[in-house]
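Accompanying notes for the structure given below.
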């Protein structure tokens, strides 16, 4: 383990308002996204879509610190034969890789899941490092519903995250630790706080027991928000207050950065909440974004699978990346959002 390298990469991933582009959708997930815009999902169309984003010079250079890739994508080459990883590096961004095998039903725990993928992970991480990956992602999924989550499910997922993180660092790859408390359902913001606090405290206990080097990690959590079906929704200011209160109670100071998942929030909502959180700073951690849909929905729609629409897709991507960059600095506004659109 090269601790200096791990710490430098972790800091670079979340510094100066830049954030992560989560372009790690599985083939089945991106098919659903493409179906929605009438595009057939093939290796070439998936490549073409990601290539135009990685070639969006302003967005990649000024607003994106790193890109989370899928196994297929990290091996693909652009139309001119350049490895996609090299396009990311040329833009000054850091390539990363999703390494989990997805959430599967957890035996004896109805309605709960465990993320799989630890078998053979050490060998895969070595290969991914050789392919250019310098950080990785593993997502644990915690749902809130009647009778769940349970301690058993939280502990099992936290232990898997810790084992993954230790294996990453052994391969000189920075682990993104992603315990996502889902915003599905009708639970209150108070219930979200309670469950997320429980999850984060358990995760950091397991990371400690696994001897994970916290300075070489990045946390990718959910914000503290009510469920999408909750009768009472929350303002960005309330989300910010509850989320920062949570972090001060759970996240060790050694962690260099926090990069939020969007978790089903709309594009503008994800930016507004991130901005409100950063306006309450300063904090001991760099706080930025690691968004998938909240960065990509607009570019996908603008592109719609047509080469002649790539400039429009790039414009939409640059706009969303810039809005989230401003939000990570606490400088976003609804006026800028509309003026730049």
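Has region 192-206 got at least one residue that is touching a residue at least 12 places away in the same chain (Cβ under 8 Å), under 23 Å from residue 128 (Cα atoms) and either surrounded by 19 or more Cβ atoms within 10 Å (Cβ to Cβ) or in contact with a strand residue (DSSP E or B) (Cβ under 8 Å, 6 or more places away or on another chain) (or both)? Scanning region 192-206, I find no residue that is touching a residue at least 12 places away in the same chain (Cβ under 8 Å), under 23 Å from residue 128 (Cα atoms) and either surrounded by 19 or more Cβ atoms within 10 Å (Cβ to Cβ) or in contact with a strand residue (DSSP E or B) (Cβ under 8 Å, 6 or more places away or on another chain) (or both), so the answer is no. Within the option set 276, 254, 270, 259, being part of a strand (DSSP E or B) and either surrounded by fewer than 22 Cβ atoms within 10 Å (Cβ to Cβ) or touching a helix residue (DSSP H, G or I) at 6+ places or on another chain (Cβ under 9 Å) (or both) holds for one residue only, 259. Of all residues in region 84-99, those that are assigned to a loop (DSSP other than H, G, I, E, B) and buried (at least 21 other Cβ atoms within 10 Å of the Cβ) total 2.
Regarding residue 264, is this residue at pLDDT below 95, in contact with a helix residue (DSSP H, G or I) (Cβ under 8 Å, 6 or more places away or on another chain) and either outside any helix (DSSP H, G or I) or surrounded by fewer than 17 Cβ atoms within 10 Å (Cβ to Cβ) (or both)?
Numbers: at pLDDT below 95: yes; in contact with a helix residue (DSSP H, G or I) (Cβ under 8 Å, 6 or more places away or on another chain): yes; either outside any helix (DSSP H, G or I) or surrounded by fewer than 17 Cβ atoms within 10 Å (Cβ to Cβ) (or both): yes.
Answer is yes for this residue.
The single condition among (1) more than 18 Å from the chain's Cα centre (by Cα); (2) under 14 Å from residue 157 (Cβ atoms) that residue 191 does not satisfy is (2). Considering only residues of region 1-34 that are under 20 Å from residue 293 (Cβ atoms) and without any contact (Cβ under 8 Å) to a residue 12 or more places away in the chain, which is surrounded by the most Cβ atoms within 10 Å (Cβ to Cβ)? Once the filter is applied, the top-ranked residue is 31.
Only one residue in 114, 173, 144 is touching a helix residue (DSSP H, G or I) at 6+ places or on another chain (Cβ under 7 Å), farther than 26 Å from residue 270 by Cβ, surrounded by fewer than 22 Cβ atoms within 10 Å (Cβ to Cβ) and at pLDDT 95 or above, so which one is that? Outline the logic, then answer.
Working: 173 fails: surrounded by fewer than 22 Cβ atoms within 10 Å (Cβ to Cβ); 144 fails: farther than 26 Å from residue 270 by Cβ.
Selected residue: 114, the only one of 114, 173, 144 that is touching a helix residue (DSSP H, G or I) at 6+ places or on another chain (Cβ under 7 Å), farther than 26 Å from residue 270 by Cβ, surrounded by fewer than 22 Cβ atoms within 10 Å (Cβ to Cβ) and at pLDDT 95 or above.
The values are calculated or read from the model by the stated rules, or taken from the named source; none is laboratory data. Because the structure is predicted, anything quoted here is derived from the model rather than measured. Glycine also receives a Cβ, built like all others from the backbone with ideal geometry; neighbour counts cover every protein chain displayed.
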